[in-house]
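Asks: The structure under discussion is supplied below as structure tokens; questions concerning it will follow.
Each value in this text was obtained by applying a stated rule to the coordinates, not by laboratory testing. Only a predicted model underlies this, so the values are computations on that prediction, with no experimental measurement involved. Neighbour counts run over all protein chains shown; Cβ positions are idealised from the backbone, glycine included.
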Amino acid sequence: MSRVFSGIQPTGEPHIGNYFGAMRNYVRLGEQFGKNSLYCVVDLHAITNPNAFDPATLAEKTYEMALANFAIGLDPSQVIFFVQSHVPEHHELNWIFTSITPVGELERMTQYKDKAGQFESIPSGLLMYPALMAADILLYKADTVPVGEDQDQHLELTREIARKFNHHFGQTFPEPKSVHDPNALRIPGVDGNGKMGKSKGQGSTIGILEPLDAIWQKLRVAPTDPARVRRTDPGNPDVCLIFDYHKLFSDLDTIQLVDRECRTAGIGCVDCKKKLMEGVTEHLTPIQQRAEELRTDPDYVKDALRQGAQEARAIARPVIEEVREKVGFLKL
Ligand code: ATP
Ligand code: MG
């Protein structure tokens with residue numbers, strides 16, 4: 001029987017990269033695997049990034065991230081949805097994994113190199129991130145991990161850690177694999193500055209709960225094909241992030257139309273963006289309405305998270321017992 005695990009950091013507002021790259025698969029796999037699918041707001045990871053972590057807002061961001069997941073249609077009574085710091089077994093397995101993970105492997109990770117480059121003093125937690133991520137997944141012996149493509153390198157290291165543990169201490173863990181949405185491997189940021197990312201700030205993201213007029217203001221000024229200077233110049237959709245977004249939000253007819261008309265200068269960038277905005281509005285309006293409904297019941301999210309943590313711990317505890325025994329800790 002497969003088990004699914006995935007985590008999302010409360011480092012900012014959930015955006016369309018998170019939604020299409022990962023969260024939408026949570027819903028799909030949740031319907032398939034029920035209580036064998038675990039989703040987690042990974043606040044222990046979030047505190048490793050000083051740019052995104054503020055103790056004054058961490059709780060609120062954690063709450064908002066849970067709410068956003070429920071608003072897209074994830075049903076917490078059908079799956080196990082919880083907050084990482086509410087299940088302390090994650091720390092314990094993480095520590096054991098750090099003792100079998102070479103520093104060189106951690107230093108090689110592109111996410112680490114990208115994020116560490118922003119700091120003069122690098123928190124060691126940022127380096128340890130993939131060991132904690134391996135612990136998150138393997139604590140539940142999960143084998144299926146819905147994530148964006150940017151997490152593939154971490155998944156590879158997770159498999160290596162599982163192999164190493166099994167080799168040293170006896171067969172214990174599966175070697176988990178990532179599951180991607182092929183249309184949403186790596187959604188670019190609306191500022192045209194690489195991958196869309198929460199911790200890069202609001203300039204990079206189109207939030208799934210962001211007011212539609214604010215989204216339009218971002219799309220309106222978003223860069224398109226830099227070679228298309230005048231309205232009469234033909235454009236190349238393959239290098240245009242607006243076209244990437246069309247592939248997520250628009251129907252096939254619209255995608256084909258803007259593809260064709262852009263190449264022949266039949267449509268201007270503003271009209272192309274307006275067409276995109278129609279799809280964005282259609283997709284996000286029901287999600288935003290559901291979020292507003294959820295806000296009217298202040299207990300819903302917290303009750304769900306309390307229940308989720310209990311269910312997660314019930315799976316985690318026996319695994320930790322098994323690990324303690326295999327590592328050889330004295331049992332009393
Ligand atoms: P941060 O900037 O703090 O790292 P993030 O936006 O990258 O935030 P994470 O919480 O790190 O979001 O990742 C949550 C999930 O969303 C992961 O599965 C990740 O692979 C996926 N994801 C994040 N950004 C994108 C993107 N631009 N395109 C596709 N998937 C993405
Ligand atoms: Mg990230």
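Asks: Using only the alpha carbon atoms of the chain, find the Kirkwood hydrodynamic radius as the inverse mean reciprocal pair distance, in angstroms to one decimal.
Replies: On the way: mean 1/r = 0.0474 Å⁻¹.
It works out to 21.1 Å.
Asks: Here is a follow-up. Going 7 Å from the Cα of N193 toward and past its Cβ, which residues in the range 213-237 have a backbone nitrogen under 13 Å from where you end up?
Replies: 223
Asks: Just from its helices, what would the mean residue ellipticity at 222 nm be for the chain, if runs of 4 or more DSSP H residues each count -39500 (n - 2.57) and the sum is divided by every residue, rounded to the nearest 500 deg cm²/dmol?
Replies: Dividing the helical sum by the residues of the chain leaves -16500 deg cm²/dmol.
Asks: On to the next question. Can you give the FRET efficiency for E325 and Q153, using 1/(1 + (r/R0)^6), R0 = 25 Å, r = Cβ-Cβ distance, to the nearest 0.05?
Replies: For R0 = 25 Å, the calculated efficiency reads 0.20.
Asks: Which length gain, in nm to one decimal place, applies between R231 and R317 when the Cα-Cα distance is subtracted from 0.36 nm times their residue separation?
Replies: Numbers: separation 86, 0.36 × 86 = 30.96 nm, distance 6.21 nm.
Separation in residues times 0.36 nm, less the Cα-Cα distance, equals 24.7 nm.
Asks: Taking the alpha-carbon centroid of each part, what is the distance from the range 272-321 to the range 1-78 in angstrom?
Replies: 8
Asks: Take the Cβ-Cβ distance between Q118 and R163 as r, set R0 to 30 Å, and report the resulting FRET efficiency rounded to the nearest 0.05.
Replies: Efficiency, from the Cβ-Cβ distance: 0.40.
Asks: Per-residue HN-Hα couplings for the range 49-54, Karplus 6.51 cos²θ - 1.76 cosθ + 1.60 at θ = phi - 60°, whole Hz, x for Gly and Pro?
Replies: The phi angles translate into 10, x, 6, 10, 9, 9 Hz.
Asks: Could you pull out every residue, at least 5 positions away or on a different chain, whose amide H is within less than 5 Å of the one on D191? Hs are placed 1.01 Å off N in the peptide plane, and Pro or chain starts have none.
Replies: Placed amide hydrogens put nothing under 5 Å from D191.
Asks: So, one more: So what is the relative contact order for the chain, in percent, with contacts set as C-alpha pairs under 8 Å and at least six apart?
Replies: Normalised by residue count, the contact order of the chain is 22 percent.
Asks: Per residue of the range 25-39, what does 6.51 cos²θ - 1.76 cosθ + 1.60 with θ = phi - 60° give for ³J(HN,Hα)? Whole Hz please, x for Gly and Pro, Karplus curve as stated.
Replies: 6, 4, 5, 4, 6, x, 5, 7, 10, x, 6, 8, 10, 10, 10
Asks: What share of the DSSP beta bridges in the chain is antiparallel, in percent to the nearest 5?
Replies: Given both bridge residues lie in the chain, the antiparallel proportion sits at roughly 15 percent.
Asks: Considering only lysines 8 or more places apart in sequence, or on different chains, count the pairs in the range 166-295 whose C-alpha atoms sit under 14 Å apart.
Replies: Pairs that pass both the separation and distance tests number 4.
Asks: Here's a follow-up. Give, as a single signed number, the net charge of other residues whose beta carbon lies under 11 Å from the beta carbon of G189, with Lys and Arg counted +1 and Asp and Glu -1.
Replies: Surrounding charge for G189 is +3.
Asks: Which peptide among 91-98, 43-50, 133-140, 107-114 comes first, and what is the full order, when sorted by highest mean count of other Cβ atoms within 10 Å?
Replies: Final packing ranking: 133-140, 43-50, 91-98, 107-114.
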